[in-house]
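The values are calculated or read from the model by the stated rules, or taken from the named source; none is laboratory data. Remember, predicted model here, so these are calculated numbers, not experimental data. Heads up, the Cβs are rebuilt from the backbone with ideal geometry, glycines too, and the neighbour counts pull from every protein chain shown. In case anyone asks, the SASA skips ligands and DNA or RNA and just uses the protein heavy atoms, side chains included. Shrake-Rupley method; radii C 1.70, N 1.55, O 1.52, S 1.80 Å.
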Amino acid sequence: MVKIGSRSLQRQLFVAILLLIVPILLAAAWLGTEEFRETVEELTQQTEVTASRTAALVQRELSGFERMVGNLSVIPVVRELDGAAVQPLLSNQTRQNPALLDLALLDPGGRLVARSPSTLEKLGGWSDIASQVMQKRARVVSPLRHDRAGLAFVTIAHPINDEAGTITGVMAYHVNPQLLQDAVNQAMLPEGSVVVLSDMRGEVLARSPGDFDGRLVAASGLADGAGPPRQHDGADGVRRVIAHAPVEGGAWVITVGIPIAVAFDRTMTLWLRTVPALAVVLVGWVIVAVVYSRRLTGSLVHLETAAQRIASGDFSPIERRTMPTREFAELQSGFEAMLRRFNEARAALDAQMAEERRMRQEVESLQRQVIRQERLAAVGQLVSGVAHEINNPLQAILGFAELLQMQGELPESVKSDLLLIQKESARACGIIRNLAMFARQQTGEAEPVHLGDVIRSVAELRQRRLESENIELRIEDDSTRHVSAVLAELQQVVLNFVVNAEQAIVLSGRQPGCITIRTQDRGDRILLEVEDTGPGVAPEHEARLFQPFFTTKAVGQGTGLGLSVSYGIIDSLGGRIGYRNGAAGGAIFYFELPAAA
Ligand SMILES: Nc1ncnc2c1ncn2[C@@H]1O[C@H](COP(=O)(O)OP(=O)(O)OP(=O)(O)O)[C@@H](O)[C@H]1O
Ligand SMILES: [Mg+2]
């Protein structure tokens with residue numbers, strides 16, 4: 001089952017909008033059907049009113065005849081059934097009233113006393129109608145009849161009373177139904193409506209419109225008037241609301257039928273007028289709802305993305321947007337404040353970690369220095385012992401080799417061997433001297449020395465050689481103070497730095513090259529450094545640079561004692577010797593010595 005919480009806000013809002021539209025549409029549909037029902041009711045009333053009004057019109061026509069008969073019956077000759085005297089009166093009446101087809105006076109037995117000229121062809125049946133009048137003692141209306149020529153008519157007969165109320169005769173006449181048709185035509189009704197005047201047998205006397213061929217009312221059940229209005233399918237297939245009204249004094253019924261389609265059309269017209277307005281309102285409402293919901297969900301998604309970014313460790317500032325509500329704006333500000341705090345905390349943490357890393361490196365470097373110095377000190381002690389032990393036999397070998405050469409009778413080949421022994425012994429003595437110097441067994445008298453003088457003497461020594469190797473020598477002598485040292489020893493140190501630099505440039509083939517010698521006063525210490533444009537020292541060699549006999553040069557080119565001897569000299573003067581990488585990639589060898597007071 002899908003939980004509500006797992007659906008997106010936009011979808012939920014959309015469903016809510018739809019759910020709100022449904023009742024509105026249902027209400028609109030209900031209003032439509034109500035409107036239809038009311039219109040049908042109106043039409044029903046209209047049929048009733050029209051039926052009564054039309055019945056009254058027909059009634060009025062019949063009342064005219066009744067008045068005419070009343071006027072005639074007060075005339076003595078009529079009462080006396082004086083045929084000759086009555087005849088002109090009757091003819092006069094039919095002339096005046098075109099609806100009157102003829103007018104006849106009958107005696108109570110039904111025999112014709114007088115008659116106006118008639119447009120109908122030879123009609124009988126006078127005695128029937130007279131006997132009906134005598135029986136009912138009231139007006140009698142016949143069903144619809146036709147003469148031999150097919151002309152339709154209705155016979156109406158009235159009793160003629162004398163002053164005592166005795167029926168002295170019967171006045172009968174034939175009426176053209178066309179007269180009734182005129183009354184029926186007067187009804188004002190919507191299109192498709194029909195008005196029918198029918199007699200007690202259901203025979204249609206008149207109807208409107210003339211071409212209506214569907215009988216609205218079943219013949220049976222109408223003689224005694226009309227039932228309540230109802231809906232009825234006519235023979236023309238049209239469903240109508242129908243109402244009846246009896247015509248007083250004639251056994252006739254007026255039936256009025258208005259098509260249900262009229263109610264439908266009227267409701268539709270109203271609907272067509274109302275629905276677009278409703279649709280515009282609904283569409284507008286939906287647009288407003290959708291736009292608003294999009295703004296809401298857009299802002300939510302923006303904040304959600306920001307939260308996910310923070311969760312994934314990205315603390316960069318969030319893009320500031322205009323929020324649709326105050327609550328959203330506050331939430332956004334909350335996110336910004338949170339990010340600021342995060343960043344501040346992280347920056348503080350980073351700084352602390354960097355400081356710790358730097359301290360750790362410093363400690364490690366100090367540890368390495370201590371280990372190196374201890375190792376160098378041990379090597380120095382060892383070397384000084386060995387140097388002392390080897391020096392004496394070497395001096396003996398050297399002395400005897402010299403003495404032997406002085407003997408004249410020696411062959412040339414022996415002499416040259418002795419010379420070789422003397423040279424090699426002298427070389428071994430030199431090495432021993434250097435070793436002893438590393439171990440500080442020999443010291444001269446310390447005196448104030450200016451490092452500038454040391455540099456210049458070294459420069460003089462190497463200038464020509466450097467020029468021939470295409471290496472420039474730069475001197476930046478900024479130191480003003482003196483150090484307390486043996487000049488020759490410092491010369492040896494600087495000379496070794498310069499020779500090493502020169503060899504590094506030449507061996508790597510980086511010519512033209514440059515060697516820079518700098519001096520600087522640094523508080524109560526004086527710094528001297530030699531920088532070259534060679535390849536620098538490989539990282540794996542750095543730790544071993546100042547160990548005796550460490551060399552990367554070919555056999556015969558270097559002994560690996562230069563830097564270890566330099567170390568011994570600087571260390572004995574209370575200074576510090578070291579190496580670092582140059583910014584341009586070359587090597588920088590330096591030493592620091594305390595300034596002389
Ligand atoms: N300027 C430099 N550039 C690159 N490597 C250097 C430099 N100076 C010294 N070295 C390295 O340090 C090693 C030790 O130098 P050191 O002066 O002690 O001995 P050496 O020069 O090899 O021999 P010696 O000086 O005894 O003739 C060298 O072999 C070389 O590998
Ligand atoms: Mg050297």
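Here are some notes:
- Accessible area per residue (1.4 Å probe, heavy atoms of protein chains only) ranks Thr33, Thr155, Thr325, Thr533 as Thr33, Thr533, Thr325, Thr155, with the largest value leading.
- For the peptides 180-186, 337-343, 348-354, 253-259, residues were scored by their other Cβ atoms within 10 Å and the scores averaged per peptide; the highest-first order is 253-259, 180-186, 337-343, 348-354.
- Centre-to-centre, using Cα atoms only, segment 40-104 and segment 409-423 are separated by 188 Å.
- Separation of the Ala29 and Ile371 label points, Cα + 7 Å toward Cβ, nm: 9.0 nm
- FRET E, pair Arg326, Arg346, Förster distance 35 Å, beta-carbon r, rounded to 0.05: 0.70
- Using alpha-carbon coordinates, inclination of helix 260-311 to the longest axis of the chain, degrees: 10 degrees
- Averaging the Cα positions of each part gives two centres, and for segment 546-561 and segment 247-313 these lie 100 Å apart.
- In this simple spin-label model, placing a label point 7 Å from the Cα along the Cα-to-Cβ direction at both Arg295 and Ala554 gives a separation of 8.6 nm.
- Separation in nanometres of the label points that stand 7 Å from Cα toward Cβ, at Gln12 and Thr269: 4.9 nm
- Rounded accessible area of His388 (nearest 10 Å², 1.4 Å probe): 100 Å²
- Residue-normalised accessible area of the chain, expressed per residue, 1.4 Å probe, Å²: 56 Å²
- Helix axis angle, 487-508 relative to the chain longest principal axis, alpha carbon, degrees: 50 degrees
- Magnitude of the charge dipole, segment 142-214, Cβ model with Lys/Arg +1 and Asp/Glu -1, debye to 20: 180 debye
- DSSP bridge analysis restricted to the chain gives an antiparallel fraction near 90%, rounded to the nearest 5.
- C-alpha long axis of helix 562-572 to longest principal axis of the chain, angle in °: 80 degrees
- Surface composition of the chain: carbon and sulfur atoms hold 56% of the protein heavy-atom accessible area at a 1.4 Å probe.
- Unit charges at the beta carbon, dipole of segment 248-331: most positive-side option, Phe328, Val280, Trp252: Phe328
- These residues, Phe549, Phe497, go from largest to smallest accessible area, 1.4 Å probe, as Phe549, Phe497.
- Within the chain: Cβ-based charge dipole about Cα centre, in debye rounded to nearest 20 (Lys, Arg +1; Asp, Glu -1): 1260 debye
- Which of Met323, Met188 is most accessible, then next, and so on - probe 1.4 Å: Met188, Met323
- Between Glu389 and Leu282, the contour length at 0.36 nm per residue exceeds the alpha carbon distance by 27.1 nm.
- Lys/Arg +1, Asp/Glu -1 at C-beta; segment 445-594 dipole; positive extreme among Ser508, Ile475, Leu490: Ser508
- Phe400 accessible area, assembled protein chains, probe 1.4 Å, Å²: 130 Å²
- Nearest-20 debye value, segment 446-597 charge dipole, Cβ charges on Lys, Arg, Asp, Glu: 260 debye
- When every Cα-Cα distance of the chain is counted in 20 angstrom steps from zero, the calculated P(r) takes the values 13, 20, 11, 9, 8, 7, 8, 10, 10, 3, 1, 0 percent.
- Computed from the Cα positions only, the extents of segment 445-594 along the three principal axes stand at 38, 30, 28 Å, in decreasing order.
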